[in-house]
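Some notes on the structure that comes next.
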Amino acid sequence: MRSPAARIGMLLLALMLTALLGRSVWQLSMLEPASDLPRQLQDKLAASGVEHPVTAVLLNFRSYDTLLEIAVLVIAAMAGISMARTRSLEDPELRTSDTLLRALLRWLVPLMLLLAGYLLWAGADRPGGAFQAGAMLAATGVLMRLTGLPLDFLRPGILLRIGLVLGFALFLLVGLASAIAGDVFLAYPREFVKGLILSIETLLTLSIGMILLALFVAAPVNDASEPEEGEK
Amino acid sequence: MSTPLLYALTGAVLWGIGLMGLIGLRHLLRKLLALNLIGSATFLILVGLAQHHNGPDPVPQALVLTGIVVSIAATALGVVLIRRYFHLTGRTELESEVPEAGRDEEGHSG
Amino acid sequence: MSNWLMAGLLFTPLALATVSLLLGFRQGRALSWLGMLLQLLVSVGLWWLVRHEGGFYYTLAGWDAPLGIELRVDGLVVTFLLLTTLVASGCGIHAGFYLEPDRPWQRYFWPLYWFLWAGLNTVWMGGDLFNLYVGLELITLSAVGLVALGGQAEALRAALRYLLAALLGSLAYLLGVALVYGQFGTLSLADVAGQVRVSEHALLMRPALVLMLVGLALKTALFPLHGWLPPAHGIAKSPVSALLSALVVKASFYIAARVWLEAGVAVASQWMAQLLGVLGAVAIIWGSWLALCQPRLKQVVAYSSVAQIGYLFLLFPLTFGVEASVSLHAQQGITLQVISHALAKAAMFLAAGNLILAVGSNRVEALAGVSHFLPFSLFSFGLAGVSLMGLPPSGGFAAKWMLLQASMASGQWWWIMVLAGGGLLSAAYVFRIYKASFLERDEQDHFYHPDRRLEVAAMLLALASLGVGVSGSQVLSVMAMPFEEVQ
């Protein structure tokens, strides 16, 4: 444990930060509202291809953020699977033959997949969307893994890697295609906007599900490792 | 005082708690959790302050969704690193209790 | 024309990251040569375009700021894009022959490398505060992944420390952005800059500014927040260390500088500017001193980065409350410092990697006798050292000379002592390496000979860092290219 002086110092630091932050928030809350962004958003919502404003911001107005956010996810997944150097990602200790559990899963898994599909579809006009659906897919996978159902596609091979980048690749290609077609990067053509957003979301759902699942499964149990430079 | 403002002020308190946890705790998973707390505190302030002014504002909501995904990615990467670190060394802390022989520690630690 | 160039700039690194993930290390390497060439063509094309038609805003997805995200392309951005192409290509070429291609985890090197590059491009062009946050995280996570790639316990420990520090820095920055959005209701940096000038409550932005600067200073490893840098940069593979020291820490500094110059100067106070300068000054002295004391070669170079980063923070006092011409002079000096340090430090890390490869040890004493054997790499190390010391005709000299003039013109003579002292200390740690390598020891005469291409990559970057000094005014003329304020 740390020395009492250091702990008091930390406490003071945290209290000071909270007080200053609280004061700043309070002062800012007294100001006149400065933003007409919500109004601008309402005006342009019809042109965005989706009815739900948050989805419109994520996949149209600020789609570049979302593209990079998926890139961040892919990076984490890569770094994760680069650590798992075992040939099979299945954990034999988790395999179960419990019939009751199996029977339950037989009901749960399809229901969860259905829910994932619903969340994806709902994203167009109410809360939902690719990430939520992908998280649901991943949760299904986690459940399957914890109960020992085989998940062959999660071996660190080419299939897994394709799955990880599928959604990102489509997103990127749409961005490029719109630029080549003469408009700016990521500007969807008006007439296809709804279909494009839906197909990007669908593939993103699959990829996000795989990324999260791969990160969960990436079990770093192996003994291969790189020696430090100059210490071979 | 409006509800969103209360969220924002809560965020200020959570930042303090999270910062203290991040600096004060030694277990790596706890440090990571403290960072997540700080992340949530930031998101509360981002949404709370904006909605106090504007009413429902989809822009910060979308920003927070992006931020959450980024923080999930970072957390997951952190957990994978911590697990592998634990597997290789059996340790859950960055600093060792006794100075390792043969290593050149710099005396100060981040 | 601009449309194609921008699409190429945004698309190429991300596409290469995606495709190289599906390939092995060797195919990824072949593809990466192509990618580097493309990036070179695109950034030179952009330079040509901006020179003839002036800078411009590029509205992504066709939505204007503040609703959409705008990228800003001006002379400074083109300078940084060209610098990134040069340094990242040098490091990439070195990595292509330095890393062992048959290790199974090396296939993840190229995707991480290209994602890192994509993040850097995003940050240089970013005009949206939140988009900059995402770009920073892209850089952080790929950098952490590169440090940890295939590493043992010590590398993981460094990567974890780096990750925790960098995430805290990003979140502090994001908190600042949240307060800015709460105050001005916009995320576009240009909008914020405009509002700061007219708003009567502009001073309320101070806490947000402090949070952003502190967070970014943590990510840039400003003293005393530098604890994470030497372990991470010291333990990563040499080409990765070179990328991290040369470019990654500059990204967060670049954002801090942009926020400061566009909005910060109007709301900051003298003590904030001086405090940042003093911390930079302490970093110069303390970092150089620690570099002198390190027993391991790459730790010497890593601590030298801590010191060289200190110079960058002299930007803040030298641009606050001074005449516009002095401020411009200081900005040009800092830009030259960023460029010459990026080139010199990349060269130095690459050369250090070659030396370590040759003698088979990371310790400074182990270098004894290597001067006969690897004069070429040692010479690159020395050339880079000349720039770090700030001797003429290097880029480091030109940068420090301009900072010196800015200090005198603004009456802040105390920075001059720091500039001189830092130069002497850097000379000391570079000569220490030289002394060790010229010592003769009988027991060691078997050296491994690294690939000639590894030595060439280091040498080219070292020569470029000298070239920046010789042609400083041409380099600065890129930065001063005109910008059309029409959208």
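Could you list, in sequence order, the residues of the range C:385-427 that are of a type in the set (Phe, Trp, Tyr) and within 20 Å of the chain's Cα centre (by Cα)?
Passing the criteria: only C:Phe397.
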Selection count, the range C:340-388, where residues are within 11 Å of chain A (Cβ to nearest Cβ) and free of Cβ contacts under 8 Å to residues at least 12 places away in the same chain: 1
The range B:8-24: number of residues that are more than 8 Å from chain A (Cβ to nearest Cβ) and either under 16 Å from A:Leu11 (Cβ atoms) or crowded, with 21+ Cβ neighbours inside 10 Å (or both): 4
Scope the range C:352-398; condition among the polar types (S, T, N, Q), buried (at least 24 other Cβ atoms within 10 Å of the Cβ) and closer than 21 Å to C:His449 by Cβ; matching residues: C:Asn354, C:Ser377, C:Ser380
Flag if C:Glu154 is under 18 Å from B:Ala62 (Cα atoms), of a type in the set (D, E, K, R) and either facing chain A (nearest Cβ under 8 Å) or not in a loop (DSSP other than H, G, I, E, B) (or both): no
Number of positions in the range A:26-48 that are within 15 Å of C:Phe184 (Cβ to Cβ) and either among the aromatic types (Phe, Trp, Tyr) or within 8 Å of chain C (Cβ to nearest Cβ) (or both): 10
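Residue by residue, here is whether (1) over 30 Å from A:Pro33 (Cβ atoms); (2) modelled with pLDDT under 90 holds:
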position: B:Leu37; (1), (2): no, no
position: B:Ala41; (1), (2): no, no
position: B:Leu44; (1), (2): no, no
position: B:His52; (1), (2): no, yes
position: B:Gly55; (1), (2): no, yes
position: B:Leu63; (1), (2): no, no
position: B:Gly90; (1), (2): yes, yes
Subset tally (residues that are more than 13 Å from the chain's Cα centre (by Cα), of a type outside the set (Ser, Thr, Tyr) and part of a helix (DSSP H, G or I)) for the range B:1-23: 7
Helices (runs of 4 or more DSSP H) lying entirely in the range C:1-112 (those with 2 or more residues that are modelled with pLDDT under 90, under 30 Å from C:Leu261 (Cα atoms) and within 8 Å of chain A (Cβ to nearest Cβ)): C:2-22
Breaking point among (1) surrounded by fewer than 24 Cβ atoms within 10 Å (Cβ to Cβ); (2) over 30 Å from A:Ser48 (Cα atoms), for C:Gly62: (2)
Filter result (without any contact (Cβ under 8 Å) to a residue 40 or more places away in the chain and surrounded by fewer than 23 Cβ atoms within 10 Å (Cβ to Cβ)) within the range C:68-101: C:Glu100
Inter-residue pairs, beta-carbon under 9 Å, first part of a loop (DSSP other than H, G, I, E, B) and in the range C:279-307, second among the small types (Gly, Ala, Ser), 6+ apart: C:Gln294/C:Gly234; C:Gln294/C:Ala302
Sole exception among (1) acidic (Asp, Glu); (2) surrounded by fewer than 24 Cβ atoms within 10 Å (Cβ to Cβ); (3) in contact (Cβ under 8 Å) with a residue 40 or more places away in the chain for C:Glu200, by number: (3)
Residue check, C:Val300 more than 19 Å from C:Gly169 (Cα to Cα), buried (at least 21 other Cβ atoms within 10 Å of the Cβ) and within 14 Å of chain B (Cβ to nearest Cβ): yes
Given (1) part of a helix (DSSP H, G or I); (2) within 11 Å of chain A (Cβ to nearest Cβ); (3) in contact (Cβ under 8 Å) with a residue 60 or more places away in the chain, number of the condition C:Ser142 does not satisfy: (3)
Unmet requirement for C:Ser325, which otherwise passes all of (1) more than 14 Å from chain A (Cβ to nearest Cβ); (2) surrounded by 24 or more Cβ atoms within 10 Å (Cβ to Cβ): (2)
Flag if A:Leu159 is within 11 Å of chain C (Cβ to nearest Cβ), surrounded by fewer than 15 Cβ atoms within 10 Å (Cβ to Cβ) and modelled with pLDDT of 90 or more: no
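The values are calculated or read from the model by the stated rules, or taken from the named source; none is laboratory data. The structure presented is a predicted model; accordingly, all values stated were derived computationally and were not measured. Note that we place each Cβ from the backbone using ideal geometry, even for glycine, and neighbour counts take in every protein chain shown.
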